[in-house]
Amino acid sequence: MIASVRGVVAGLGPDTAVIEVGGVGLAVHCAPGTLAGLRLGSEARLATTLVVREDSLTLYGFADDDEKHLFELLQTASGVGPRLAQAVLAVHSPDVVRKAIANSDTATLVRVPGIGKKGAERLVLELRDKIGPVAIGSDGAGGVLGGAWPDQIRQALVGLGWSVAQADQAVATVAETIDGPTPPVPVLLKQAIRLLGKTR
């Protein structure tokens, strides 16, 4: 696994950059926003992920680790390959993608070429519980998006077999225990399941 590359930008194309590392030029596939930040002859560092296929080895590059992690997460959804995951990041920033998935905002997701209404719904369904808390504001210090975590936990609990009333009660109880910053959704979900486990 090649987690990152650092070297001189030796070439720039419409969708690739050539980064020279130790005398070897690595072709790295990048979204337009990443390519725009590179300059020929200047040193650059790109977070990367290597996609291995039977007939190819393709290196994808990103401006930062956040983009890379979202690229890898998107591919855990059925029907999403590296090209489509990169198209998502070419159209939207990671924060916009996370908010869209957390809030079931399929209208934002269908702006990506190659994603239709059904594909957007599938992304929301499969990734909402994996996307984690969604930060507000540029520094991410504003906690989670208002109303996002209760809805996520309620839907997860109902999906696990509890009634809507039981899920609502668990969410209300968990909300009362929060003092300070909101913990990550998986932590809150475990807490809710523990509470409901006693009532089953």
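The values are calculated or read from the model by the stated rules, or taken from the named source; none is laboratory data. Please read all numbers here as calculations on a predicted model, not as lab measurements. Methodologically, a virtual Cβ is constructed for each residue, glycine included, from the backbone with ideal geometry; neighbour enumeration extends over all protein chains shown. All accessible areas refer to the heavy atoms of the entire protein, side chains included, with ligands and DNA or RNA removed. Shrake-Rupley method; radii C 1.70, N 1.55, O 1.52, S 1.80 Å.
When His92 is tested against (1) open to solvent by 60 Å² or more (accessible area, probe 1.4 Å); (2) closer than 26 Å to Leu127 by Cα, only condition (1) is not met. When Val5, Val52 are screened for being among the β-branched types (Val, Ile, Thr) and over 25 Å from Val91 (Cβ atoms), only Val52 passes.
For (1) in contact with a helix residue (DSSP H, G or I) (Cβ under 7 Å, 6 or more places away or on another chain); (2) modelled with pLDDT of 75 or more; (3) surrounded by fewer than 19 Cβ atoms within 10 Å (Cβ to Cβ); (4) not aromatic (Phe, Trp, Tyr), each residue gets a yes or a no:
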position: Gln155; (1), (2), (3), (4): no, yes, yes, yes
position: Thr182; (1), (2), (3), (4): yes, yes, yes, yes
position: Pro186; (1), (2), (3), (4): no, yes, yes, yes
position: Arg200; (1), (2), (3), (4): no, no, yes, yes
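Of the residues making up the range 85-96, those that are more than 13 Å from Glu72 (Cα to Cα), assigned to a helix (DSSP H, G or I) and within 10 Å of the chain's Cα centre (by Cα) are Asp95, Val96.
The residue that is least open to solvent (accessible area, probe 1.4 Å), among those in the range 159-178 that are touching a residue at least 24 places away in the same chain (Cβ under 8 Å) and assigned to a loop (DSSP other than H, G, I, E, B), is Trp162. Going by what's in this entry, would Leu46 be described as crowded, with 18+ Cβ neighbours inside 10 Å and farther than 28 Å from Arg128 by Cβ? Yes; evaluated as a whole, the condition is true for this residue. Restricting attention to the range 5-39, the residues being surrounded by fewer than 18 Cβ atoms within 10 Å (Cβ to Cβ), in a loop (DSSP other than H, G, I, E, B) and out of contact with any strand residue (DSSP E or B) (no Cβ under 7 Å at 6 or more places or on another chain) number 5.
Within the range 64-80, the only residue that satisfies the criterion of being among the small types (Gly, Ala, Ser) and open to solvent by 60 Å² or more (accessible area, probe 1.4 Å) is Gly79.
Can you tell me which of Ala36, Ala90, Ala31, Ala47 is in contact with a Leu (Cβ under 7 Å, 6 or more places away or on another chain) and of a type outside the set (Lys, Arg)?
The match here is Ala31.
The number of residues in the range 113-148 that are at pLDDT 90 or above, within 14 Å of Leu74 (Cβ to Cβ) and open to solvent by less than 70 Å² (accessible area, probe 1.4 Å) comes to 7.
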